[in-house]
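Structure record follows, encoded as structure tokens.
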Amino acid sequence: MSDFFDDMVEILNPYIDINTGASRDEWNYGNYVEFPDSRSISDDQIESLLDYFRLEIPFGETISFEEALREYLKGVYDVSDDMLDSLDYPSEEFDFPGINAGEIRELAIDLLIEAGAPIGETLYEDAGELPESYMYWNDSDDSFDQYSIKIVNYKQEIELIKNKVASNDDALIKKSLVLAAFVFTESFVRSKIISILPDLNSYDDVITRDILKKYFDDKLEKTAGRKELYKQYFGNSQTVDEFKKLSDIPHVKLRNILAHDISKSEVIGSRIRYSFIDNSRRGSITKVETEIDELLEELIIFSENLENTIVQ
């Protein structure tokens, strides 16, 4: 992916910045890369992409009907050369439109998107869509350190979010602040799991250490992976059933809704409402409405319980 991505960055010169969400500079979700859309991409960039993907469009060239018809019949119907030679062709020629002709430009862009050009795409680090070299958090040697979060600092951040929610009337900002609380809670969970993993600095072999770091990083980025690491390095040693498995973060369904389609939730005053398909109830729709302050308090209690469980 990286070589192709490098090529697209070189050709399209996308906008690259840090994703702070709706909370301005308060939160860092990693980098994002925003490629130009069909309206802002230049003609030179279109031609460079056509060359890259080996797509031939004869912009501004004079073409004979014979040449055009041969190419069409050969490409679409795979007509043999003998059959093509036996046909009678008109002798006229025509001028193929230039790249700045509206419909031809749109056709070229459609062909490029179909070929894989990321025209109009915005890719996010926290969604796992960027190569490592374009990530904000891209140093594998520091990947564990970045998630080192103490419970006291975690609670301070959630309390800060509580205060901002209470002092803000904008529904979108409130949703973004709740999402920030979920993201920070996930970081806290990673921090606790990292604390029970083997000390990778004890490995003298650099290759082995880097392979293990990559393995743990990949697991830590996903809910299932975090549960797997928790069970392997902590849960299997527990005799108390409630400590054997890592519980889901409270209201994790809301977290997913806010992250992927924030419009599917609704803020009414101090409350937030959402619904989801509950597969445990044969696909019925479950509706949930809760006070935002209570939701944030649930996150704190969840994190305190995890902290107390692991430090025992």
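The values are calculated or read from the model by the stated rules, or taken from the named source; none is laboratory data. Every value quoted in this text rests on a predicted model; they were computed, and no experiment measured them. Every residue, glycine among them, receives a Cβ derived from its backbone with ideal geometry; neighbour counts consider all protein chains shown.
Of the residues Ser64, Ser42, only one is loosely packed, with under 15 Cβ neighbours inside 10 Å, among the small types (Gly, Ala, Ser) and at pLDDT below 90; which?
Working: Ser42 fails: at pLDDT below 90.
Within the list Ser64, Ser42, the selection yields Ser64.
What are the residues in the range 254-266 that are buried (at least 18 other Cβ atoms within 10 Å of the Cβ) and touching an Asp or Glu at 6+ places or on another chain (Cβ under 9 Å), if any? Show your work before the answer.
Pass one, the range 254-266, residues buried (at least 18 other Cβ atoms within 10 Å of the Cβ): 254-255, 257-258, 265.
Listed by number, the list holds a single entry, Arg255.
Please tell me if Asp51 is exposed (fewer than 12 other Cβ atoms within 10 Å of the Cβ) and at pLDDT 75 or above. Please lay out each step first, then the result.
Values: exposed (fewer than 12 other Cβ atoms within 10 Å of the Cβ): yes; at pLDDT 75 or above: yes.
Here the answer is yes, as Asp51 does meet what is asked.
Conditions first: (1) more than 28 Å from the chain's Cα centre (by Cα); (2) assigned to a loop (DSSP other than H, G, I, E, B); (3) of a type in the set (A, V, I, L, M, F, W, C). Ile301 passes all but one, so which condition is the exception?
(2)
Can you tell me which residue among Ile193, Ile173, Ile161 is surrounded by 13 or more Cβ atoms within 10 Å (Cβ to Cβ) and farther than 20 Å from Thr290 by Cβ?
Details: Ile173 fails: farther than 20 Å from Thr290 by Cβ; Ile161 fails: farther than 20 Å from Thr290 by Cβ.
Of the residues listed, the single one that is surrounded by 13 or more Cβ atoms within 10 Å (Cβ to Cβ) and farther than 20 Å from Thr290 by Cβ is Ile193.
Name the single residue that is nearest to Leu12 (Cα to Cα) among those in the range 87-132 being among the hydroxyl-bearing types (Ser, Thr, Tyr) and outside any loop (DSSP other than H, G, I, E, B). Step through it out loud before you land on a result.
Of the residues in the range 87-132, the ones among the hydroxyl-bearing types (Ser, Thr, Tyr) are 89, 91, 122, 124.
Okay, now just the ones that are also outside any loop (DSSP other than H, G, I, E, B), so 122, 124.
Working: Thr122: 13, Tyr124: 17 Å.
If we take residues in the range 87-132 being among the hydroxyl-bearing types (Ser, Thr, Tyr) and outside any loop (DSSP other than H, G, I, E, B), then Thr122 is nearest to Leu12 (Cα to Cα).
Return the total of residues in the range 212-244 being basic (Lys, Arg), closer than 30 Å to Lys287 by Cβ and surrounded by 13 or more Cβ atoms within 10 Å (Cβ to Cβ).
So in the range 212-244, the residues basic (Lys, Arg) come out as 213-214, 219, 222, 226-227, 231, 244.
If we keep only those that are closer than 30 Å to Lys287 by Cβ too, we end up with 222, 226-227.
Then drop every residue that is not surrounded by 13 or more Cβ atoms within 10 Å (Cβ to Cβ), which leaves 226-227.
The qualifying residues number 2.
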